[in-house]
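Okay, so here's the structure we're looking at.
The values are calculated or read from the model by the stated rules, or taken from the named source; none is laboratory data. Since the model is a prediction, treat every value here as computed from it, not as a measurement. Backbone-built Cβ (ideal geometry, glycine too); neighbour counts: all protein chains shown. Remember, those area values only see protein heavy atoms, side chains included, never the ligands or the DNA or RNA. Shrake-Rupley method; radii C 1.70, N 1.55, O 1.52, S 1.80 Å.
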Amino acid sequence: MVAPLYTTASGLLFHAGKILVVTIGLPARGKTHISRALERYLRWMGVKTQVVSLGDYRRKTLGGAQKLPPDYFTLEPRTMALRKKVSDGCEKLLWDYFESGGQVVIYDANNGTRAARQALAEKFDKAGIHVVMLESLCDNNEIIERNIRSVKISSPDYKNWDPDKAVEDYYTRIRGHEKYYETLEERTWPYIKIINVGEKIILNNIQGYLQSRIVFFLMNIHNKFRTIYFARSGQSLIEHSYKADSDLSPAGWEYAEKLKDFVLERRAKSIEQRGLNPTDRKLVIWTSTRRRAHHTAWPFVATSNQSQSSIPMQIAPVQPISAEPAAITATSPDSMQPSESAASGVTLKNWPPMPSMVKVVEKPQMLEINPGIWDGLSPEQAKKYYPEDWDRFTKDPYSYRAPRAESYHDLSVRLEPVLIELEREQEDLLIIGHASVIRCLLAYLIGLPASEIPAIEIARGDLLEVVPASYGVHSHAFHFWDGPGRRGDGDILDVKDANNFYENYAESTKGKRKVAIEENETEALEAAAREMYKQQAVQNQMPPVSSPPPTINVQEQL
């Protein structure tokens, strides 16, 4: 949320102009992944951005690969009219978005011939639209093979195909394009060349703030498979105070153990579904510097130290976000010792497969939102003592900043460096955080608008699983805890912190999307894992968790 500080009433960055990003590259070079990731980041910044995919438009007008002429992808003259019909229709979509007020359009297509992309660029340049060429090159066969098997054979083109036949057909498509492909050499237009999906970047004549932000983001992304998990920290001894940095309560330590068991079990099932060994992959855990957050991660370290004493464990001390955390051998400082009830009675034989290494990193940028004058107040008390501030907050819970507090916009700006590190992280990642922080990070990943961030329900006892993919972001929520600190039926003081509403309160929003939470059942977990790694969206609607007021429960957005 950096750019909104510089936007005008029209929603456009006044000093950037309109930009057309033209992607160039052979099939299976990561163009779609790069395009979707860039779209997500620019939208998060507040820039009106749209990806126009030639492949998606072709599938809507002509159908999947099985409905196309055999020589459609060979660029033979007899299919030229059909290809021109598709490209002309896609070009119209580019113009329509700019005319409707959009600022950045990413044209996701091969654009492999110099003449075709030159003609396209000249049309938009005459209309005063800046053109930036974005070429993705890849000479690493391992990356190409992985991209085909993990992404392309699961694209809509190959629905219900045999995987091996789909791979063979896609290689045929690549060979057809290679005959006519001309790499980007002309310097007429600003360009960005990405080699091996981020291994190396070459720039030419990049100008202005927004183009520079695009380059900055593209220097930090990759397309390796990883899973991101979100969970709230355990219940603390003092829940109602922002200033108090209290340790976990006995129920909080029990929650931390349950979280550890469930994450390791869920992670092992997911990885095994992809034919991989969960013990060969690392797990990185991010927490804030609050005791209740990083102590919730302690069972992961303690379990791994006991079960795999030969494997190096690492805990990174608090460091600025720009610095690479220096890892040290894990020890057991007095302030991080779990209670006996949490550490006792653990049997190695029942533990799920452990990662090859667990690394815990504390990030001060991930502290919860500052409630200011509302610290320790219930909603009723806030209405009574600060009626004007409460009224303004309920009208705009995202942007309004109470006295001496942070707004959700302020929090989003603070978290922007964390988002970049989130894009850079290549290992499986578990984020143990506060509700307000998870709302912002989750909204970025699944593409929710800023106005909906305060209304996302982040219940203690739910594990949110997010898998970034080229054709969308797949996410599920799994319920694993019903102890104290969980919203639900019964005594409200036992399940919800009534005196910390600014952190935990989700503002009611009419007309917002509601998605269900999956229960922790073995069959449901296995089915969800199979579907997820086929890169297909799964939506199982169930009634949302009962808690006032009505809220959004996030499971999946494509």
Task: Cα→Cβ-extended label distance, 7 Å offset, between D162 and E145, nm - done: 2.0
- [ ] Skip the ligands, DNA and RNA, and give the accessible area per residue of the range 114-175 with a 1.4 Å probe, whole Å².
- [x] 52
Task: Gain upon complete extension [N220, K85; 0.36 nm per residue less C-alpha separation] - done: 45.0 nm
Task: Whole-percent carbon and sulfur share, accessible surface of the range 24-85, 1.4 Å - done: 56
TODO: With label points built 7 Å along Cα→Cβ from the Cα atoms of T289 and D396, find their separation and express it in nm.
DONE: 3.1
Open item on the list: Taking loop as defined by DSSP and a crowding limit of 13 other beta carbons within 10 Å, which chymotrypsin sites (Phe, Trp or Tyr not before Pro) in the range 172-274 fit?
Closed with: Y180
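Starting from the Cα coordinates of the range 56-119, work out the convex hull volume and express it per residue in Å³.
On the way: hull volume 6.2 nm³, N = 64.
In the range 56-119, the Cα convex hull volume per residue is 98 Å³.
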TODO: Distance check, please: which entries in K269/K363; K18/K92; K18/K48; K60/K179; K31/K282; K258/K359 exceed 21 angstrom between their Cα atoms?
DONE: K269/K363; K60/K179; K31/K282
Open item on the list: How large is the accessible surface of H434 in square angstrom, using a 1.4 angstrom probe and rounding to the nearest 10?
Closed with: 10
Open item on the list: In whole Hz and in residue order, list the ³J(HN,Hα) couplings for the range 45-56 that follow from phi through the Karplus curve 6.51 cos²θ - 1.76 cosθ + 1.60, θ = phi - 60°; x for Gly and Pro.
Closed with: 5, x, 8, 6, 10, 9, 8, 10, 9, 5, x, 5
Task: Y171/Y209 FRET efficiency (R0 45 Å; Cβ-Cβ; nearest 0.05) - done: 0.65
Task: For the range 400-446, alpha-carbon Rg over 2.2 N^0.38 Å - done: 1.26
TODO: Skip the ligands, DNA and RNA, and give the accessible area per residue of the range 387-492 with a 1.4 Å probe, whole Å².
DONE: 30
TODO: Amide H neighbours of V132 under 5 Å, at least 5 residues apart or on other chains, H built in the peptide plane: list them.
DONE: L20, V21, V22
Open item on the list: From the phi angles alone, apply the Karplus equation (6.51, -1.76, 1.60; θ = phi - 60°) to the range 191-201 and give each ³J(HN,Hα) in whole Hz, x where the residue is Gly or Pro.
Closed with: 9, 10, 10, 10, 10, 6, 6, x, 5, 8, 10
TODO: Quick one: P(r) of the range 162-206 from all Cα-Cα pairs, 10 Å bins, percents rounded to integers, in order of increasing distance.
DONE: 22, 30, 32, 14, 2
Open item on the list: Net charge within 12 Å of F98 by Cβ-Cβ distance, Lys/Arg positive one each and Asp/Glu negative one each, not counting F98 itself?
Closed with: +1
Task: Size descriptor, Kirkwood hydrodynamic radius, that averages inverse alpha-carbon separations across the range 357-460, Å - done: 15.0
Task: Stretchable slack from E272 to H240, in nm (0.36 nm times residue separation minus alpha-carbon distance) - done: 7.4 nm
Task: Rounded to the nearest 10 Å², the accessible area of K200 at probe 1.4 Å - done: 110
Task: Distance histogram in 5 Å bins (all Cα pairs of the range 171-261, percent per bin) - done: 3, 9, 11, 10, 11, 8, 7, 9, 8, 8, 6, 6, 4, 0
TODO: Could you calculate the contour length gain from K200 to K92, that is, 0.36 nm times the residue separation minus the distance between their Cα atoms, to one decimal place in nm?
DONE: 35.6 nm
- [ ] Pop out the carbon and sulfur fraction of the accessible area of the range 105-211 as a percent, whole number, probe 1.4 Å.
- [x] 47
- [ ] Tell me the GluC sites (Glu not before Pro) within the range 173-274 that lie in a loop according to DSSP and have at most 11 other beta-carbon atoms within 10 Å.
- [x] E185
Open item on the list: Residue by residue through the range 401-410, what is 3J(HN,Hα) from phi via Karplus (6.51 cos²θ - 1.76 cosθ + 1.60, θ = phi - 60°)? Round to whole Hz and write x for glycine and proline.
Closed with: 10, 5, x, 6, 10, 10, 8, 5, 5, 4
Task: Computed label-point distance, nm, for sites V413 and E388 using a 7 Å Cα→Cβ extension - done: 2.3
